[in-house]
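A quick write-up on the structure given underneath.
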């Protein structure tokens, strides 16, 4: 009990609540000079006085050191865990397979809906690792069946919660104090529960409203066992399952291990929050707000952070009633996301509807920084060349950049890739193709990419996943936004703001760069003379293409 009192005193004496400051309320908090934080803080951060910050580099190095052993296929997998995984998936998929063979389902949509429900329930029982996979799939609107995406969205923040007794045990063990000695109130029911952790609302004894992110007990042990199972299974799936072949199972396990291992130490996540806040501030991106982590109350399994409130990202009606310009929200998101990646090589790596909300003043609050994309110097420049080549219709430049990012082996014959993928030929509008032609074209492209040893680097995977999320966000918040016009406008904005710097880094004359969106149009499957494309237009095209492919496959 004596040590508990010492802990409480230390917390209350080292953090001075912002509302107790003698400074006038009109003066911006000092930490807003370097971080994209709220204007009315519960505390003001001093970067040099944050207790856990000095440990971060060592913790990152430790996580990187552990990765090879997690990704290496073991001779013998964790047998007990493997049996549990196979059993859970078998129980889920067996009845669906039987009903499908007996033609019990009235429609293909009903079959997919039942399968998606069964998969989600099985994944929730399997725990954190598989829930994280479901979260990744839930961001794939347009890539995965809509029934699966909608069902897996529940895995973002509606996963069954841990008993409060277990939550209390983790909090008190990590803080070295009773909950009552640190918090004047602490809700027993979480406000959100996801794969790695759940979040509770609380109030510190010094009066600040906070949220407390608490890691699920034993999640670290379970994740490492699951990674061993996946690493053991992955080589057996190569070439046996079409979609698995496209994904390259061993590489997918490697990517997944890289993203999830760092999530297991919340001190790394809290440091990511500070990094992103600093970058957004440097970019003068006032449209985003990062919650302040507590300078003392962050441990391996606990983050105490500032409580922010706002509209869920799909609450379009609520935002419009509040007078929020939803198109501006999307525009700010696209610009800030690209600026962070291109200029700093750092970006939030797990955007989805459960990780952000829109505040009443129209700014977007970003949450959950367990996964952050970090591009090293050379890879950042390769990524920058990829984006530049896409907006200048330089196909060879795009392929070179993809190779330098690690998506293709360094000795790849890029001219041969361009020829095999027919990137040097006029774009064929996919809506003019039959279902059989569409399926054959997809199979041809996949076969060619596999033949060249193509893979998806972690940072590129995270970026693409975020772009898929933004795609879905546009559908909800700004369906009439002219996509081609916005891309052209953002490209011009980049040229005006950062052209000189980017030109210097790439060794080119930025004043001679001309925007040419033919590559972008080709990616959308439209002809070069297309001047305008709203999301509604794009979605109609996608639905037609998907229907033709489904009808052909279902014959």
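Listing for the model above:
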{"read-out": "Qualifying helices (runs of 4 or more DSSP H) (wholly inside region 80-161; at least 1 residues being free of Cβ contacts under 8 Å to residues at least 40 places away in the same chain and touching a strand residue (DSSP E or B) at 6+ places or on another chain (Cβ under 6 Å))", "value": "128-138, 146-152"}
{"read-out": "Residue in region 395-412 that is modelled with the highest pLDDT, counting only those that are surrounded by 13 or more Cβ atoms within 10 Å (Cβ to Cβ) and either in a loop (DSSP other than H, G, I, E, B) or at positive phi (or both)", "value": "412"}
{"read-out": "Selection from region 440-467 of residues that are surrounded by 18 or more Cβ atoms within 10 Å (Cβ to Cβ) and part of a helix (DSSP H, G or I)", "value": "449, 458, 459, 460, 461, 462, 463, 465, 466"}
{"read-out": "Region 3-46 - residue that is at pLDDT 90 or above and part of a helix (DSSP H, G or I) and, of those, nearest to residue 296 (Cα to Cα)", "value": "31"}
{"read-out": "Residue selected from region 369-383 under the condition free of Cβ contacts under 8 Å to residues at least 60 places away in the same chain and crowded, with 20+ Cβ neighbours inside 10 Å, by the criterion nearest to the chain's Cα centre (by Cα)", "value": "380"}
{"read-out": "Test: residue 478 is within 18 Å of residue 387 (Cβ to Cβ) and modelled with pLDDT of 85 or more", "value": "no"}
{"read-out": "Condition met for residue 386 (surrounded by 20 or more Cβ atoms within 10 Å (Cβ to Cβ), at pLDDT 85 or above and either out of contact with any helix residue (DSSP H, G or I) (no Cβ under 6 Å at 6 or more places or on another chain) or part of a helix (DSSP H, G or I) (or both))", "value": "yes"}
{"read-out": "Candidates 337, 266 - the one that is crowded, with 23+ Cβ neighbours inside 10 Å, under 17 Å from the mean Cα position of the chain (by Cα) and either in contact (Cβ under 8 Å) with a residue 40 or more places away in the chain or more than 20 Å from residue 200 (Cβ to Cβ) (or both)", "value": "266"}
{"read-out": "Residue list for region 292-320, restricted to those being in contact with a helix residue (DSSP H, G or I) (Cβ under 7 Å, 6 or more places away or on another chain), buried (at least 18 other Cβ atoms within 10 Å of the Cβ) and over 17 Å from residue 478 (Cα atoms)", "value": "293, 295, 296, 297, 298, 299, 301, 302, 303"}
{"read-out": "Residue count for region 463-478, restricted to those that are within 13 Å of the chain's Cα centre (by Cα) and farther than 19 Å from residue 152 by Cα", "value": "1"}
{"read-out": "Neighbours by Cβ (under 6 Å, 6+ apart or cross-chain): first from region 409-433, closer than 16 Å to residue 521 by Cα; second part of a helix (DSSP H, G or I) and modelled with pLDDT of 90 or more", "value": "423/395; 424/418"}
{"read-out": "Test: residue 291 is at pLDDT 95 or above and either over 16 Å from residue 130 (Cβ atoms) or not in a helix (DSSP H, G or I) (or both)", "value": "yes"}
{"read-out": "Qualifying residue in region 321-332 (condition: farther than 19 Å from residue 269 by Cα, in contact with a helix residue (DSSP H, G or I) (Cβ under 9 Å, 6 or more places away or on another chain), surrounded by fewer than 18 Cβ atoms within 10 Å (Cβ to Cβ) and without any contact (Cβ under 8 Å) to a residue 40 or more places away in the chain)", "value": "yes"}
{"read-out": "Candidate set: region 266-288, residues that are out of contact with any strand residue (DSSP E or B) (no Cβ under 8 Å at 6 or more places or on another chain) and part of a helix (DSSP H, G or I); chosen: the one farthest from residue 497 (Cα to Cα)", "value": "268"}
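Yes/no matrix, rows are residues, columns are (1) out of contact with any helix residue (DSSP H, G or I) (no Cβ under 9 Å at 6 or more places or on another chain); (2) touching a residue at least 24 places away in the same chain (Cβ under 8 Å); (3) within 24 Å of residue 346 (Cβ to Cβ):
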site	(1), (2), (3)
439	no, yes, no
474	no, yes, yes
495	no, no, yes
498	no, yes, yes
501	no, yes, yes
510	no, no, yes
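The values are calculated or read from the model by the stated rules, or taken from the named source; none is laboratory data. Here the structure is a predicted model, which is why all the values come from computation and not from measurement. Methodologically, a virtual Cβ is constructed for each residue, glycine included, from the backbone with ideal geometry; neighbour enumeration extends over all protein chains shown.
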